[in-house]
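The values are calculated or read from the model by the stated rules, or taken from the named source; none is laboratory data. Computed from a predicted model, the values in this text were never measured in an experiment. Glycine also receives a Cβ, built like all others from the backbone with ideal geometry; neighbour counts cover every protein chain displayed.
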Amino acid sequence: MVFFLTQVGLSQECPSPVLISPLNGAVNVPVDTSISWTPVDGVPSYLIAIGTIPGGDDLVSERNIGSLPNYKPPLGLPENTDIFVTITLFFFQGGVAKITCGSEMFHTETVTNVPPCTFPNIPFNGQANVNPETNISWNYATSATGYRLSIGTTMGGTELLNNADQGNVLTHNPIPELPPNTTIYVRVIPYNTIGDAGPCSEFLFTTSAVAPLPGCTSMVYPANGDTNVPLTPRLEWNAVPGAVGYRVTIGNSPSSGDVLLNTPIYSTSTFILELEANRSFFVTIIPFNDSGDAIGCLQESFSTLLGCGPFFDPASGDLITLNPEIDFPDNVSLCENDFPLNYSATDVAEGYRWYKIDPLGNETLISDTADVVFNDPGQFRYIAYNTILQPGGFVECESSQVFQVVTSEMATITSVTITEEANSLRIAVQAEGIGDYEFAIDNINGPYQASNTFTNIPYGTHNLYVRDQNGCGIAVEQIVQDLTLEGFPKFFSPNGDGVNDYWQYIPPEMNEDIILVSIEIYNRYGQLLLQIDPSSRGWDGTINGGSLPAADYWFRARDNSNSELIGHFSLKR
């Protein structure tokens, strides 16, 4: 077994500041605010308490809210009040004590308006066949400090409940139960110190015949509060007489259903696949039958095993990760004709896997050892893993890298372009091939550069080198002094006096063996004007019998070795 430790400078300590929103000391905070705080690596769960004094819990008693670093008080907060929030870092593994952070405070706004009306959520407006034993629930109304409830069997009726003050709660349990086979009219009126909301509309639902609802159930495995639960557990709960199924909600906070959300299951167990390690999960199971859902079922929770980390080691106080440490490149390169390629992992781990990834993202296992054979280029995944025994079972901790196997080849130099620049040369090399290339001049050992252009190069013979970065060879091209601006006149004056009437290349005496294959002439805007034969008398300054104006013109000359030279000259009249 191999693992590495990552040490945190402030291991098992509260962050500073604790609160992110509202900030410590904030004022005029909305009474319906959400509270968020700085997350701490390796902390699997948080406890929160909210009160009106430091460390107090008179508003929200201390409760486990899972791994998400935020919480919204379901009943809002009192106005114009100092609110103290206490966050506790909670750990499941033995030997690690919970850490209670110092309370931080903010001050809420002064409410200046009555609350808005609210809406029912159980039963929903217009629902039919509601069991007479149902509870009635509604949503929180911003800034409300309480609710008045009326229930009747006619519009505006109050014979079942007449404007009864419910206090600051969001549910009512009618006693006795509601009459069967009846349309029920309900009005909820939120209020605060400013006054009552309203006028608020009634909502209605229709009850069914009297029929027994199933009772609630409880978890068998994991039991409420269990720790070190495997990451793919089989959840089991007690059977309830009269229930035909169970609606299951599982989330990583008391208010979420990110694993299962009100999912009907027609047995008393279900597998849950690949839960996150070292986390709290909150489970609500509601039995149901043809008469409706069970009422008032309580939420239960459990926590998963530590997994691969990061988590705190109680002995050292360090933050531990059990995944193997890998160092693997993004690309594995080889020359075009070197397949098949034998490759071996150098990372220290208990096991290895190699996968080939097709264009659709499907992965096929090609090796389960440290060694692999690549038969062609493409995309692959490398996995190194350790198997760890923890309370609750074995855990496989893996580290993964997606990479490319790429081929390369020695470059082919296709052309060299030489341009005169203020007593020096500018040389550009064009190369083709499937590799990644770099360039050097006059020294095969470099330095090499990514650019294919060299500037401020003195006149003379030079060697150009194009090197494949994956080691598949170096292409070499020599340029010689022959093709230079020497021999190309700087100007000509086609005025018929017999002197400099034509512009043409005149081979220097020492470079008589140069063979030009073409000379092209351009105006200063880069427009090709004509091409002259290097063996002709040259250009007389006309096109189609018309004289061109005095100006600067450009030429491009190419020799039989495919080297190019670009320069300019003047036409004078």
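From the list 40, 96, the one residue that fits, being touching a residue at least 60 places away in the same chain (Cβ under 8 Å) and assigned to a loop (DSSP other than H, G, I, E, B), is 96.
Table: residues versus (1) assigned by TED's automatic domain parsing to the domain that holds residue 175; (2) over 28 Å from the mean Cα position of the chain (by Cα); (3) within 17 Å of residue 248 (Cβ to Cβ).
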| site | (1), (2), (3) |
| --- | --- |
| 265 | no, yes, yes |
| 272 | no, no, yes |
| 277 | no, no, no |
| 287 | no, yes, yes |
| 293 | no, yes, yes |
| 309 | no, no, no |
| 312 | no, no, no |
| 322 | no, no, no |
| 325 | no, no, no |
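Considering the conditions (1) crowded, with 19+ Cβ neighbours inside 10 Å; (2) touching a Ser or Thr at 6+ places or on another chain (Cβ under 8 Å); (3) modelled with pLDDT under 90, residue 388 is excluded by exactly one of them, (2).
Taking the criterion of being of a type in the set (Gly, Ala, Ser) and not in a strand (DSSP E or B), would at least one residue in the range 423-443 satisfy it? Outline the logic, then answer.
Taking the range 423-443 as the starting set, the residues that turn out to be of a type in the set (Gly, Ala, Ser) are 424, 428, 431, 433, 435, 440.
This time we only want the ones that are not in a strand (DSSP E or B), so: 433, 435.
Yes - at least one qualifying residue is present in the range 423-443.
In the range 70-81, the residues that are of a type in the set (Asp, Glu) form Cβ pairs under 7 Å with partners that are outside any loop (DSSP other than H, G, I, E, B), at six or more places apart or across chains, as follows: 79/108.
Restricting attention to the range 137-162, and to residues there that are farther than 30 Å from residue 81 by Cβ and aliphatic (A, V, I, L, M), which single residue is surrounded by the most Cβ atoms within 10 Å (Cβ to Cβ)? Checking each candidate, the answer is 151.
Yes or no, residue by residue, for (1) surrounded by 15 or more Cβ atoms within 10 Å (Cβ to Cβ); (2) under 26 Å from residue 441 (Cβ atoms); (3) of a type in the set (Asp, Glu); (4) within 54 Å of the chain's Cα centre (by Cα):
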site: 494; (1), (2), (3), (4): yes, no, no, no
site: 544; (1), (2), (3), (4): no, no, no, no
site: 548; (1), (2), (3), (4): yes, no, no, no
site: 561; (1), (2), (3), (4): yes, yes, no, yes
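Here residue 242 passes the criteria (1) of a type outside the set (Ser, Thr, Tyr); (2) buried (at least 19 other Cβ atoms within 10 Å of the Cβ); (3) over 20 Å from residue 120 (Cβ atoms) except the one numbered (2). Of everything in the range 179-228 that's in contact (Cβ under 8 Å) with a residue 60 or more places away in the chain and among the charged types (D, E, K, R), which residue is nearest to residue 270 (Cα to Cα)? My answer is 226. Looking only at residues of the range 195-240 that are among the hydroxyl-bearing types (Ser, Thr, Tyr) and assigned to a loop (DSSP other than H, G, I, E, B), we find that the one that is farthest from residue 292 (Cα to Cα) is 227.
The one condition from (1) closer than 22 Å to residue 366 by Cα; (2) of a type outside the set (Asp, Glu); (3) modelled with pLDDT of 90 or more; (4) in contact with a strand residue (DSSP E or B) (Cβ under 8 Å, 6 or more places away or on another chain) that residue 346 does not meet is (4). Among the residues of the range 193-227, which ones are exposed (fewer than 13 other Cβ atoms within 10 Å of the Cβ), among the aliphatic types (A, V, I, L, M) and within 30 Å of residue 302 (Cα to Cα)? If the condition is that a residue be exposed (fewer than 13 other Cβ atoms within 10 Å of the Cβ), among the aliphatic types (A, V, I, L, M) and within 30 Å of residue 302 (Cα to Cα), then 223 is the only one that fits. Checking each residue in the range 241-281 for being outside any strand (DSSP E or B) and among the aromatic types (Phe, Trp, Tyr) picks out only 266. Taken over the range 100-131, the criterion of being in contact (Cβ under 8 Å) with a residue 60 or more places away in the chain, closer than 20 Å to residue 170 by Cβ and not in a loop (DSSP other than H, G, I, E, B) is satisfied by 108, 120, 130.
Whether any residue in the range 163-181 is farther than 30 Å from residue 81 by Cα, of a type outside the set (Asp, Glu), in the same structural domain as residue 145 (by TED's automatic domain parsing) and assigned to a strand (DSSP E or B) is what I want to check. Break it down stepwise before answering.
Of the residues in the range 163-181, the ones farther than 30 Å from residue 81 by Cα are 173-181.
If we keep only those that are of a type outside the set (Asp, Glu) too, we end up with 173-176, 178-181.
Of the ones still in play, those that are also in the same structural domain as residue 145 (by TED's automatic domain parsing) are 173-176, 178-181.
This time we only want the ones that are assigned to a strand (DSSP E or B), so: none.
No, the range 163-181 contains no residue that is farther than 30 Å from residue 81 by Cα, of a type outside the set (Asp, Glu), in the same structural domain as residue 145 (by TED's automatic domain parsing) and assigned to a strand (DSSP E or B).
Quick check on my filter: what residues within the range 110-136 are among the polar types (S, T, N, Q), surrounded by fewer than 15 Cβ atoms within 10 Å (Cβ to Cβ) and more than 28 Å from residue 27 (Cβ to Cβ)?
Taking the range 110-136 and keeping what is among the polar types (S, T, N, Q), we get 110, 112-113, 118, 121, 125, 127, 129, 131, 134-135.
Those left that are additionally surrounded by fewer than 15 Cβ atoms within 10 Å (Cβ to Cβ): 110, 112-113, 121, 125, 135.
Within the range 110-136, 121, 125, 135 meet the criteria.
In the range 47-84, of all residues being touching an Asp or Glu at 6+ places or on another chain (Cβ under 6 Å) and assigned to a strand (DSSP E or B), the one that is surrounded by the fewest Cβ atoms within 10 Å (Cβ to Cβ) corresponds to 47.
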